[in-house]
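To start, the structure itself, in structure tokens.
The numbers here are math on the coordinates, done by the rules we state, and not lab data. This structure is a prediction, so every number in the text was calculated from the model and none was measured. Positions of Cβ are generated from backbone atoms using ideal geometry, with glycine treated the same way; all protein chains shown enter the neighbour counts.
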Amino acid sequence: MNFTVSYYRREGDEEHLPRIVGLVKLDEGIVVPGEIVDIDPSEVKEGIRVEAVLRRYSSDDPYGLIYYGLKFIPILKK
């Protein structure tokens, strides 16, 4: 996995900074872009293993549509 750390701020989205965006190579060989979550940017290293999870992106309002999508979390060695 290759990655970059983004500090770009959108109005109303400040709580999610910094944002880690990576190019993730799946086991099947396909490379897909995605956000890496649940890890401190200082702990991200080239080549770490990640897995896809379904996460909430946003919603229109408390009673509106909720948008979900894939993000990636690190696989922790035990």
| Considering only the stretch 2-74, percent of DSSP beta bridges that pair antiparallel, nearest 5 | 95
| note | Between the modelled labels at residue 61 and residue 75 (7 Å from Cα along Cα→Cβ) the distance in nm is 4.3
| Within the chain: Cβ-based charge dipole about Cα centre, in debye rounded to nearest 20 (Lys, Arg +1; Asp, Glu -1) | 320
| said: Over the Cα atoms of the chain, each weighted equally, I'd like the Debye log10 I(q)/I(0) at q = 0.12, 0.23 Å⁻¹, rounded to two decimals. | reply: -0.38, -1.15
